[in-house]
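Heads up: the structure comes next, in structure tokens.
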Amino acid sequence: MSGKAFLIQAIGFLGTGLFFLSYQFKDSKTLFRVQFFSYLCYTVHLIALGAVTGGVSYLINLLRSFCLGSDRPFLRSRRMCAMLCAAQLCTLLFTWAGPLSLLPVAANIASTLGGYTHDPKKIRLAGMLVNSPLWILYDLAVGSWAGILDEAVSELS
């Protein structure tokens, strides 16, 4: 493995570590704040792998985590949820690379809808039943070892 490939995978594994850490917090706001930094790592990781739809989709997840971790009512509102889901659909439109592009967008819309319930149990169910399975398929296709580990452990937990 080249140094560049190793660095790309290491950035992804840093994101994985942060994501695992995020679920150690019972407070949803803290969970979303730690996930913000995890998503930043995944954004860089996926774009470096050439997985543009997944990378841009994670940029929207960055915004989602910021919004859900905020104290501002509008950022935690259904209107913002709809705007984030619309942004995911725009990502699909502008980064379309074939049917594979559907996977991260559908996964992240499910997570957004789950997150905006503000119910930790529903957030985890959305992740387990929709988000993780779709991301595992995408990560396998684009070669994200960290993503595969992240989603596999999320499913097992």
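The values are calculated or read from the model by the stated rules, or taken from the named source; none is laboratory data. In this text, all values refer to a predicted model and were calculated from it rather than measured experimentally. Using ideal geometry, Cβ is built from the backbone for each residue, glycine included, and neighbour counts are taken over all protein chains shown. Please note that ligands, DNA and RNA were not included when accessible areas were found on the heavy atoms of the full protein model with its side chains. Shrake-Rupley method; radii C 1.70, N 1.55, O 1.52, S 1.80 Å.
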- Note on the structure: Within the range 125-157, residues being under 27 Å from Ala82 (Cβ atoms), surrounded by fewer than 15 Cβ atoms within 10 Å (Cβ to Cβ) and hydroxyl-bearing (Ser, Thr, Tyr) number 0
- Message: Take residues that are open to solvent by 30 Å² or more (accessible area, probe 1.4 Å) and under 20 Å from Ala146 (Cβ atoms) and tell me which of the helices (runs of 4 or more DSSP H) falling wholly in the range 1-112 contain 2 or more.
- Response: 3-22, 28-49, 52-68
- Meets criteria (under 18 Å from Ser132 (Cβ atoms) and among the aliphatic types (A, V, I, L, M)) for Leu102: yes
- Message: What pairs come out if I take residues in the range 54-69 that are farther than 18 Å from His118 by Cα and pair them with residues that are open to solvent by less than 10 Å² (accessible area, probe 1.4 Å) and not in a helix (DSSP H, G or I) whose C-beta lies under 6 Å away, six or more apart or interchain?
- Response: none
- Message: Taking the criterion of being crowded, with 20+ Cβ neighbours inside 10 Å, aliphatic (A, V, I, L, M) and closer than 28 Å to Arg72 by Cβ, would at least one residue in the range 113-124 satisfy it?
- Response: yes
